[in-house]
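Below is one structure; the comments refer to it alone.
The values are calculated or read from the model by the stated rules, or taken from the named source; none is laboratory data. The structure presented is a predicted model; accordingly, all values stated were derived computationally and were not measured. Quick reminder, even Gly has a Cβ in these numbers, built from the backbone with ideal geometry, and neighbours come from all protein chains shown.
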Amino acid sequence: MIRKALPSDCLNLAALSLQVWLHTYAPQGIRSSLSQYALSTFTEEYFIKLLETESVDIRVFEQDSHLIGFIVADLNSTFEGCSGYEIVTLYVSQHFHGKGVGRQLLKEIEHAHGCPFWLSAWVNNHDAIGFYHKLGFNIVGELTFNLEGEQHRNHVFAYTGTSYG
């Protein structure tokens with residue numbers, strides 16, 4: 001079931017974020033900069049503030065009362081050369097990859113807010129890059145994520161149609 005996130009979801013949003021983020025961005029193991037970022041960012045309070053932000057829409061995917069994925073859209077975020085809004089986060093528990101959860105969350109946000117939209121993915125996140133290409137997203141640029149002075153390249157993808165149906 002997909003629905004709008006509620007304040008009561010924020011603890012689970014934080015926990016799932018930690019699980020997905022560390023799995024994705026710490027393939028060589030944990031180090032202080034990764035731990036510091038993850039533990040200071042993905043908190044219940046962080047998600048409560050997001051829910052209180054008028055331009056942000058968070059949808060959750062639950063199965064048997066368990067959170068297995070979520071999507072965050074910022075309707076006011078822009079990227080030069082892209083039209084539409086930003087998909088800030090699309091996280092699905094690794095246990096549910098390949099089961100259509102990410103695709104359904106994208107369809108839900110598209111249904112609610114339309115097209116076009118854009119998002120970014122770390123250049124070494126090959127699973128995400130393959131997923132977005134498969135759905136018809138196109139690379140339109142690049143941005144960097146600063147993690148304690150380290151610059152990490154991200155591809156910017158744009159989506160303008162409904163080819164992933």
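If the requirement is being at pLDDT 90 or above and surrounded by fewer than 16 Cβ atoms within 10 Å (Cβ to Cβ), which of these qualifies: Gly149, Gly136? Give the derivation first.
Details: Gly149 fails: at pLDDT 90 or above.
Going through Gly149, Gly136 in turn, just one is at pLDDT 90 or above and surrounded by fewer than 16 Cβ atoms within 10 Å (Cβ to Cβ): Gly136.
Taken over segment 59-116, the criterion of being under 19 Å from Asn138 (Cα atoms), of a type in the set (Asp, Glu) and under 16 Å from the mean Cα position of the chain (by Cα) is satisfied by Glu86, Glu110.
Among residues belonging to segment 30-43 that are of a type outside the set (A, V, I, L, M, F, W, C) and surrounded by 15 or more Cβ atoms within 10 Å (Cβ to Cβ), point out the one that is nearest to Leu75 (Cα to Cα). Please lay out each step first, then the result.
Kept after step one, since they are of a type outside the set (A, V, I, L, M, F, W, C), are these residues of segment 30-43: 31-33, 35-37, 40-41, 43.
So of that shortlist, the ones also surrounded by 15 or more Cβ atoms within 10 Å (Cβ to Cβ) come out as 37, 43.
Values: Tyr37: 25, Thr43: 22 Å.
Among those residues, the one meeting the criterion is Thr43.
Checking each residue in segment 56-84 for being part of a loop (DSSP other than H, G, I, E, B), surrounded by 18 or more Cβ atoms within 10 Å (Cβ to Cβ) and either free of Cβ contacts under 8 Å to residues at least 40 places away in the same chain or in contact with a helix residue (DSSP H, G or I) (Cβ under 9 Å, 6 or more places away or on another chain) (or both) picks out only Gly84.
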